[in-house]
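Peer 1: Could you have a look at this structure, given as structure tokens, before my questions?
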Amino acid sequence: MHRILLCASLLCAFLGAVCATLLAYSSATADASELAEREPYGIDLEGFAYPYPVNLLPLVNDGEQLRMAYMDVGAVKPNGRTAVLLHGRNFPSSYWAPVIKTLSDAGYRVVVPDQVGFGKSSKPSGELHFDNLARNTVTLLDHLHIAKAEIVAHSMGSMVAVRIARAYPDRVAHLVLTAPIGLEDYRQFVPPTPTDKIIETEDKLTPDGYRKQLETNYSLKLPPGDITPFIDSRFNLKDSAEYPRWLRVFASSAQMIYREPVVYEIPLVTQPTLFIMGADDHNAPGRPNAPEALRPKMGQNAALAQALAARMPNAHAEVIPDTGHLVFLEARAKYDELVLGFLGK
């Protein structure tokens, strides 16, 4: 009996040691995993995955050597046409992944740049301007030997798209403006804001605060997990040594939207144009800085798009119910149907 008890005791001790070792290994692995997840991105989103390979095009803007990142996705069965997707201010171009697949499956070559100052492209030391972004995009088309393209744009990207359509009309076949901003002149509502004030406000923003800002300002109808990559791409670069430079460029993009309206150019666009609006999208940059009495008048985006389309020679607006600012992610089937039908005309 004594030997049996001794063996049992030794067995228990052995098993306890094994368990302790496994627990320690598991804990160390978890800690290592957590540390890996916390590793900061670079300000050109080094460490943040894109759905397709990323290429870099050397550019010069205002005497500064820069690089423009872009994805170039071939068609499954080429129809000889190219679609160029232009992203919004708060989003890396990776969020176009579902639309890239839809267009590629439909026969389009799909080119998806990050504008200079955004995503995986260089962050310039100078100010951002829509003229430069438009010129950079056309330079990319020249580099890729694309004479004419279907331009599909979202949010701020639609302001770039309008500038391209006006400055380089022969390069644009169709124009799809998805939940565009710039449908009104924000200077009529919002007083000028110093860049340092914008930087201070953005620097104080927390991940939770940013999530609430996206959900509220954009009336998003997405699961929380689908919003997380936007939080990561905004905040996981905050520990980068170059974060202050990123922050100044981000503030410059806000000033560009405010100082360089395109609403007066939109009625002059002659290319076939489709506005695709979320009925619940009332995004209006700068609204918190507007006098309280003026804020309700801002961001009536669906109505603004319909009014502008009526003044254009070849345009119409589609409004999707129960949809916010990220219309191509929130109402994917309807969005794909509208885009493919429009481009097929």
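Peer 1: Can you tell me which residue is farthest from Glu215 (Cα to Cα) among those in region 92-117 that are hydrophobic (A, V, I, L, M, F, W, C) and open to solvent by 10 Å² or more (accessible area, probe 1.4 Å)?
Peer 2: Ala106
Peer 1: Residue check, Arg81 against (1) more than 30 Å from Leu177 (Cα to Cα); (2) modelled with pLDDT of 95 or more; (3) among the charged types (D, E, K, R), all met but one. Which one?
Peer 2: Only one criterion is unmet by Arg81, namely (1).
Peer 1: For region 185-212: of the residues being in contact with a Gly (Cβ under 8 Å, 6 or more places away or on another chain) and closer than 20 Å to Asp281 by Cα, which is most open to solvent (accessible area, probe 1.4 Å)?
Peer 2: Here is the first cut: in region 185-212, the residues in contact with a Gly (Cβ under 8 Å, 6 or more places away or on another chain) are 186, 189-190, 193.
Filter once more, keeping what is closer than 20 Å to Asp281 by Cα: 186, 189-190.
Details: Tyr186: 6, Phe189: 34, Val190: 8 Å².
For region 185-212, the residue satisfying everything is Phe189.
Peer 1: To continue, here is another question. Answer with yes or no whether Glu215 is open to solvent by 30 Å² or more (accessible area, probe 1.4 Å) and at pLDDT 95 or above.
Peer 2: Values: open to solvent by 30 Å² or more (accessible area, probe 1.4 Å): yes; at pLDDT 95 or above: no.
When the stated conditions are applied, Glu215 does not pass them.
Peer 1: Which residue is surrounded by the fewest Cβ atoms within 10 Å (Cβ to Cβ), if the candidates are limited to region 250-270 and must be under 20 Å from the mean Cα position of the chain (by Cα) and aromatic (Phe, Trp, Tyr)?
Peer 2: Looking only at region 250-270, we keep the residues that are under 20 Å from the mean Cα position of the chain (by Cα), and these are 250-258, 260-262.
Remaining after also requiring aromatic (Phe, Trp, Tyr): 250, 258.
Details: Phe250: 21, Tyr258: 18.
Ranking the qualifying residues of region 250-270, first place goes to Tyr258.
Peer 1: Out of Arg311, Arg295, report the one residue that is under 27 Å from Ala149 (Cα atoms) and either touching a Lys or Arg at 6+ places or on another chain (Cβ under 9 Å) or of a type outside the set (A, V, I, L, M, F, W, C) (or both).
Peer 2: Among Arg311, Arg295, only Arg311 is under 27 Å from Ala149 (Cα atoms) and either touching a Lys or Arg at 6+ places or on another chain (Cβ under 9 Å) or of a type outside the set (A, V, I, L, M, F, W, C) (or both).
Peer 1: Give me a count of the residues in region 281-302 that are open to solvent by 60 Å² or more (accessible area, probe 1.4 Å), out of contact with any Gly (no Cβ under 9 Å at 6 or more places or on another chain) and either free of Cβ contacts under 8 Å to residues at least 24 places away in the same chain or outside any helix (DSSP H, G or I) (or both).
Peer 2: The number of residues fulfilling the criteria is 6.
Peer 1: Next question, about the same structure. Hey, can you tell me all the residues within region 312-334 that are assigned to a helix (DSSP H, G or I) and closer than 24 Å to Pro285 by Cα?
Peer 2: Quick first cut of region 312-334, residues assigned to a helix (DSSP H, G or I) only: 327-330, 332-334.
Listed by number, the residues that qualify are Val327, Phe328, Leu329, Glu330.
Peer 1: Can you find a residue in region 74-82 that is part of a strand (DSSP E or B), open to solvent by less than 50 Å² (accessible area, probe 1.4 Å) and not acidic (Asp, Glu)? Before the answer, list the steps.
Peer 2: Taking region 74-82 first, the residues part of a strand (DSSP E or B) are 82.
The next check asks that each one be open to solvent by less than 50 Å² (accessible area, probe 1.4 Å); those that pass are 82.
Still in the running and not acidic (Asp, Glu): 82.
Checking region 74-82: at least one residue is part of a strand (DSSP E or B), open to solvent by less than 50 Å² (accessible area, probe 1.4 Å) and not acidic (Asp, Glu).
Peer 1: Restricting attention to region 234-245, which residues are surrounded by fewer than 19 Cβ atoms within 10 Å (Cβ to Cβ), in a helix (DSSP H, G or I) and touching a residue at least 12 places away in the same chain (Cβ under 8 Å)?
Peer 2: Selection gives Phe235, Tyr243, Arg245.
The values are calculated or read from the model by the stated rules, or taken from the named source; none is laboratory data. The structure presented is a predicted model; accordingly, all values stated were derived computationally and were not measured. Positions of Cβ are generated from backbone atoms using ideal geometry, with glycine treated the same way; all protein chains shown enter the neighbour counts. For accessibility, only protein heavy atoms count, side chains too; no ligands or nucleic acids. Shrake-Rupley method; radii C 1.70, N 1.55, O 1.52, S 1.80 Å.
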